[in-house]
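J.: The structure that follows is given in the form of structure tokens.
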Amino acid sequence: MSTSVQLSDFLASVERRAYKHAAYAVRDEQAAMDIVQEAMIKLAQRYGDKPAAEFPLLFQRILQNTIRDHFRRQKVRNARFSLFSSFTSPQSEDEVDALDILQDEDNASQPATPHAAAANRQLLALVEAALRQLPPRQREAFLLRYWEGLDTAETATAMGCTGGSVKTHCSRATATLARILKQKGIDLTWASN
Amino acid sequence: MGIKLNREELTALLDDSAHRLPSAVAVRLSVARRAALQQQAQPSRFQVRLHQLVPALSAPMQRHPLGWNVALLCLFILLAVAFFQWNTPTPHDHTELDLAILTDDLPVHMYVD
């Protein structure tokens, strides 16, 4: 049984990374924020009385399911939108263009500066852009396994798949990342464990 | 560029990006956290009592080398004795039965078997 302080400490320790997870997946800051808030509320409401040691895995599972729910809802919305799209004016084309521009800005291909901090930011932008290019399941497995530090079994539980699938996703994600980064002049050296 | 990036450096980069979120996002995250905490599931009074009672009972058991085994054996013996005692007719029961037979006061269902 956990206290409110334990839950608060846990959420404070994971909220930023959870936001980044969601942002990588949905590529929309507002939607990412909504997803994290929804995941935190679900954890508190449904599992707030569980032992604090169970929070990390429960939260990751909830977060990943909430991201998937977001895509399902988006798919339904898009289907509805496409039904009525023939009645709209050509303005909808402009909206698509605007989104494309916004997405490019997110990729943040900023000009290089001589400062180390700026170089670091540029490197991060390249890595994040490469992460965004990964298929969703591969990115999910990669981030849970290598960033969150979950083991294969825990990652499988969080993703709702088998350990074998996790290994496959991680292996493919690493290979794809290495290939994308190689094109940008970054040599990814990965010692798998 | 020719930059080498290993696993630790990549995760450090991602950690850094998470720590350098815009302040507006950080504020919204903390607001979201507080909203979630207000909806935290509270354990029922029974759960709290049970949670307090179980360690209180189990602590002395765990200190003893045989612990729960001895406790379970004692409980089993106690139940066996109680069961045996319940099913054994006492001399008082026999006297009452004899008296009923002698006075033809035996209930009808006694003859059924």
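The values are calculated or read from the model by the stated rules, or taken from the named source; none is laboratory data. Worth saying up front: this structure is predicted, and the values here are computed from it rather than measured. Using ideal geometry, Cβ is built from the backbone for each residue, glycine included, and neighbour counts are taken over all protein chains shown.
J.: Going through B:80, B:71, B:35, B:56 one at a time, which residue ends up being under 30 Å from residue A:44 (Cβ atoms), part of a helix (DSSP H, G or I) and modelled with pLDDT of 75 or more? So that I can check it myself, show each step before the final result.
T.: Details: B:80 fails: under 30 Å from residue A:44 (Cβ atoms); B:71 fails: under 30 Å from residue A:44 (Cβ atoms); B:56 fails: modelled with pLDDT of 75 or more.
It is B:35.
J.: Restricting the search to the stretch B:1-31, which residues are under 18 Å from residue A:179 (Cβ atoms) and either assigned to a strand (DSSP E or B) or small (Gly, Ala, Ser) (or both)?
T.: Result: B:2, B:3, B:4, B:5, B:6.
J.: I want to confirm something. Restricting to the stretch A:5-36 and keeping residues that are polar (S, T, N, Q) and in contact with a helix residue (DSSP H, G or I) (Cβ under 6 Å, 6 or more places away or on another chain), which single residue is farthest from the other protein chains (Cβ to nearest Cβ)?
T.: Once the filter is applied, the top-ranked residue is A:6.
J.: Okay, moving on. Which count do you get for residues in the stretch B:2-21 that are aliphatic (A, V, I, L, M) and at positive phi? Can you show your working first?
T.: Restricting attention to the stretch B:2-21, the residues satisfying the condition of being aliphatic (A, V, I, L, M) are B:3, B:5, B:10, B:12-14, B:18, B:21.
Right, trim to at positive phi and you get none.
Number satisfying all stated conditions: 0.
J.: Would you tally the residues in the stretch B:1-44 being at the interface with chain A (Cβ under 7 Å from one of its Cβ atoms) and of a type in the set (Lys, Arg)?
T.: So the answer is 4.
Yes/no matrix, rows are residues, columns are (1) part of a helix (DSSP H, G or I); (2) outside the structural domain of residue A:135 (by TED's automatic domain parsing); (3) at pLDDT 90 or above:
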{"site": "A:19", "(1), (2), (3)": "yes, yes, yes"}
{"site": "A:38", "(1), (2), (3)": "yes, yes, yes"}
{"site": "A:46", "(1), (2), (3)": "yes, yes, yes"}
{"site": "A:56", "(1), (2), (3)": "yes, yes, yes"}
{"site": "A:63", "(1), (2), (3)": "yes, yes, yes"}
{"site": "A:66", "(1), (2), (3)": "yes, yes, yes"}
{"site": "A:89", "(1), (2), (3)": "no, yes, no"}
{"site": "A:100", "(1), (2), (3)": "yes, yes, no"}
